[in-house]
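Note sheet for the following structure.
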Amino acid sequence: MYSGRPSGEESLHQDFEALSVSKCLMRNVSQKLRKKNQRSVGDEDDGVRGIALRCLTLYGRGGGCKVGADTCDDFGDTSNRRRSSASDEGKGYRPICGTEESGVDCFSYGVREKFWKKHNRKDFELEESIRNSRMHIFLPDDILEMCLVRLPLTSLMTARLVCKKWKHLTTTTRFLQMRQEGSHQTPWLFHFGAVKDGYCSGEIHALDVSLNQWHSIDAEILKGRFMFSVASVQDDIYVVGGCSSLNNFGRVDRSSFKTHKGVMLFSPLTKSWRKVAPMKHARSMPILGVSEVTSDFSTSQSYQSRQDRRIPRSRVGGVSEVYEDPHRLSLRRQHRHSADDNESLVLPNRKSYKFMKQKSDHSSMKGCRRFVLVAVGGLGSWDEPLDSGEIYDSVSRKWTEIQGFPVDFGIACSGVVCNGMFYVYSETDKLAGYDIERGFWIGIQTTPFPPRVHEYYPKLVSCNGRLFMLSVFWCEGDGQIGRRNKAVRKVWELDLMHLNWTEVSVHPDAPMDWNAAFVSDGNMIFGIEMFKIFGQVLDFFTVCDVSDTGMKWSHISRNHVTRELDASSCLTKSMAVLHL
């Protein structure tokens, strides 16, 4: 008798149909996983990472399997997949039989991919941390410092972006001192005072001389300030004084302006700015000089009372007139405590002084270098010429007034420190020297110059104990055919023993810029000339090696900085050189 209940084989067949799924659905899932994961051997990768995606339990939290699927080894093989339509989900399926394998995948659509990404990210972070820890194990901090300290400045700035550890190592005091004392530094020129569209942009242009590459540094703190002076001290640049417009902020407007006495310090290695103690008096375009002093240097001994600041002292003629008064001499000796200081009160004669470098005990200077910054002259708050000066000590971090210029010296136009003496040249062709250690001015009489072009003020530079001056002179044609009178910028050297000027070189370019700037670094003299011609502002950067017997000039850059600058940049420009 026929029974309505299915037989054992038919019942097993129905159970397999209940666990099966459409082959079309599995084909779509397989293709999406293969495209997104792009893995041809996913099972092997999962085994390596320790993630067994197909070895999970068949039961979820709520009990029972969520989705049934084919999980054979050849996941992408279509021969083991059952063909059916997506619309046949409610219909019966053919049983899995024969050599076909049956399996169950407990991942619904997209869960497998999310699960793999989650665990893969964790493994990637773990592997990266292991690699970093191994790198730090095999490269201690001192080894990393030795490697990073040898990088050029541009590469060093890029290395700081690698990780926080490298950034911290390259900004420590120890690292900066190692780089300063090492031999891996190259000269850099910094150009200040850029004016664009009538506004002081505050942008700084830096030239890597060794690679001949220009870099632009945005300095928000300098926006709106002009007519300031700069000086380099080790790895830093001091920005001293300057002006800013009151009516039109940011513009170069001298109709209504404010003169500043503030001083700022710029560190190119760290790209940081900080304010230092302001000067006693507001100044624009002061004459600056930097000198290294001994550890026992005191700025108090360089300060002179206003009553005897205008006492003249002459370099020629033996003893100065001030020492003819025994009362003043005794008063000065009361403030001296050492025998060396007592001997320095008597000014030696012409032959014995020599203007040579003074001997000093540097035994106490080990590990600590002390510098002073001297600021003299410039224009005051009412645009009046100043004859006063002050000195800044890097240790005490204070400004102290110093003795004023000698009588009838005139307006200072240039100055430089050479062998502990701050030489200043005036517009009236007078030369004076300020003894930084002893604290007084000396008028220096030298051999007269040939007639110079008075519209071009002379510029003093110092290279390894040698004093040079660049000035513009007329070159006569001597009546020869084809030769005309022309202006030529010449380089003169002062013999510090006999006080004679000697012509040593001629600048190749025509002196088109009356406000040309020149700075020195070691045996090198760097110059910048900017001028407007035919409606365009041009610039020329030149260099001269004074150690060479020929002392020939060469161009290192042309018409790069002034592409977008105004003609007023020729007046407001200033330049500094650093070894970075």
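Each reported figure results from applying straightforward, stated rules to the coordinates on display, with no laboratory input. Owing to the predicted nature of the structure, the values given are computational and were not obtained by experimental measurement. All Cβ positions, glycine included, derive from the backbone under ideal geometry; neighbour counts span all protein chains shown.
Between R150 and L265, what FRET efficiency comes out of the Förster formula 1/(1 + (r/R0)^6) with R0 = 25 Å and r the beta carbon distance, rounded to 0.05? About 0.40, to the nearest 0.05. With the highest mean first, a sort of the peptides 241-253, 152-164 on other beta-carbon atoms found within 10 angstrom per residue produces 241-253, 152-164.
Sorting 446-456, 382-392, 430-440 by average packing, meaning the other beta carbons within 10 Å per residue, from highest down gives 430-440, 382-392, 446-456.
Of the cross-linked pairs K490/K573; K167/K271; K459/K490, those separated by over 20 Å at the C-alpha level are K490/K573.
Modelled spin labels at C163 and D548, positioned 7 Å past Cα toward Cβ, are 4.6 nm from each other. With a Förster radius of 56 Å, plug the Cβ-Cβ distance of N500 and A277 into 1/(1 + (r/R0)^6) and report the FRET value to the nearest 0.05. That pair, N500 with A277, gives E of 0.85. Taking label points 7 Å from Cα along the Cα-to-Cβ direction, H579 and D197 give a separation of 4.1 nm.
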